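A short reminder: the numbers here are calculations on the coordinates, not readings from a lab. This structure is a prediction, so every number in the text was calculated from the model and none was measured. Cβ atoms come from the backbone with ideal geometry, glycine included; neighbour counts cover every protein chain shown.
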Amino acid sequence: GAVGKDGYRHYMEKELHEHPLVIGQTLQRMIDPATRKVVLPEMPFDLASLPRAVITACGSAFFAGVVGRYWLEEIARLPVDIDVASEMRYRNPPLTPGSLGILISQSGETADTLAAMRGLKNAGLPILSVLNAEHSSMARESDVVLGTVAGPEISVASTKAFTAQLTVLACLTIAIARARGELDETGEEELVSALLDLPSRAAEVFTHDDAIRKMASVVAEARDVLYLGRGSAYPVAMEGALKLKEISYIHAEAYAAGEMKHGPISLIDRTVPIVATVPSGVLFDKTLSNLQEAKARGGRLLAFTDEAGADRLSAIAEQTIALPKVHPFVTPIIQTIGVQMLAYETALLKGTDVDQPRNLAKSVTVE
Ligand code: AGP
């Protein structure tokens, strides 16, 4: 039947609040509660002997793939190529035989992703799709479908489907890492615990709504916003910037924080706020020093960190939001909820049509 807004002002607000539920449902599908091990459906290929993976998708689904690349390379030691589907489909890249093609899509109908998928398939690659619409064109043409259990997503701006994609990619990473001998029992238990912790920790993000609204009041005044992050927090910055552009019509750009001094630092002044995604962890100090450079040029720093990074960030940032401290593996999932909420609150202040932003379609079924 028709999906209602359940008392929320917009579908996007409702769907943002479904993050904890959707992450939990997706994990239920992939983790055996008795053994606490990731269990994937039967695969017509051997995860242990994949030479590489090729990931392709569009928009937010592409950013989920970029997080997936950080995970697959670092944890499973699997080399990954990734590109947006509109480029991948015409690039005619040399493909290593036996590589796995990974597609990510909410709708399963995006024209470019479908075409890129057919290209990889014609080249002989097996196709694994991460899909929310399990009865879609991509589902029919894939060798294996890993479902994101996000339910219908009505808002044009993707929210819960994105965190569900990350959840699936995290589980896939664990399974591939195990198959390749890169993860022992203890290692898997540690990562699975981090995932199972997520639904309750994700729910805690909503307790920061006042602080996020305050941050939105600065962003809403800007014409341009720079999003910065490093490591797996960099694609989170990309997701934050895309969401802001889509629904608030404010220009935003994401940069790998270490790349800022190679160009975009010349943009920085009081009128260009910087939204930084900086979870505690190995890249924390590096990111902090990039942000210090930005601040020295007059930049207004608005930071998403976690409870362990809050003191050091609030010493330099105008506003700091301390999201729940989780295992470093899953920080991009928690940070994403923060930047998506910031985009939503900013759009509310701008008075835009949040669920149906101008010029955009939920699913882009033409090239
Ligand atoms: C995200 O907020 C977008 N509306 C858009 O980038 C979307 O993620 C992209 O069009 C891909 O769609 P799909 O997941 O249905 O393939």
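Things to note:
- Extension reserve of the Ala308-Lys214 stretch, reckoned as 0.36 nm per residue once the Cα distance is removed: 31.7 nm
- Sorted by Cβ density within 10 Å, fewest first, the residues Ser363, Ser266, Ser142: Ser266, Ser363, Ser142
- Amide H partners (placed H, <5 Å) of Asp306, local residues excluded: Ser280, Leu323
- Pair-distance distribution P(r) for segment 153-203, from all Cα-Cα distances in 10 Å bins starting at 0: 22, 43, 25, 9, 1 percent.
- In plain terms, the chain from Ser363 to Lys286 could stretch by 23.9 nm, reckoned as 0.36 nm per residue minus the Cα-Cα distance.
- Charge sum, other residues only, whose C-beta stays under 11 Å from Lys214's C-beta, Lys/Arg counted +1 and Asp/Glu -1: -3
- Straight-distance candidates among the lysines for linking to Lys214, with alpha-carbon spacing under 17 Å and chain neighbours fewer than 8 residues away dropped: Lys350.
- Antiparallel beta bridges, as assigned by DSSP with both residues in the chain, represent about 5 percent of the total such bridges.
- When you restrict to C-alpha pairs under 8 Å that are six or more residues apart and normalise by the size of the chain, the relative contact order lands at 19 percent.
- Residues whose placed amide H lies under 5 Å from that of Ala57, excluding near-sequence neighbours: Asp83, Ala85
- Where trypsin sites (Lys or Arg not before Pro) fall in DSSP loop in segment 233-322, at most 15 other Cβ within 10 Å: Arg270, Arg297
- Residue by residue, segment 197-204 carries 3J(HN,Hα) couplings of 6, 5, x, 6, 5, 4, 5, 5 Hz when phi is fed to the Karplus relation 6.51 cos²θ - 1.76 cosθ + 1.60 (θ = phi - 60°); x denotes Gly or Pro.
- Straight-line reach from Lys121: taking Cα to Cα under 28 Å and skipping same-chain neighbours fewer than 8 places apart, the lysines in range are Lys362.
- Mean Kyte hydropathy of 1.0 or more with a Cα span along the axis of at least 20 Å, helices from DSSP in the chain: 160-179
- Charge context of Ala202, other residues only, Cβ under 12 angstrom, K/R +1, D/E -1: -1
- Helix content alone sets the calculated 222 nm mean residue ellipticity of the chain: runs of n ≥ 4 DSSP H residues at -39500 (n - 2.57) each, divided across all residues, give -13500 deg cm²/dmol.
- Greater than 24 Å apart at Cα, pairs in Lys5/Lys160; Lys160/Lys243; Lys160/Lys245; Lys245/Lys286: Lys245/Lys286
- Remark: relative contact order (segment 290-367) = 20 percent; criterion is Cα-Cα distance under 8 angstrom and separation of 6 or more residues.
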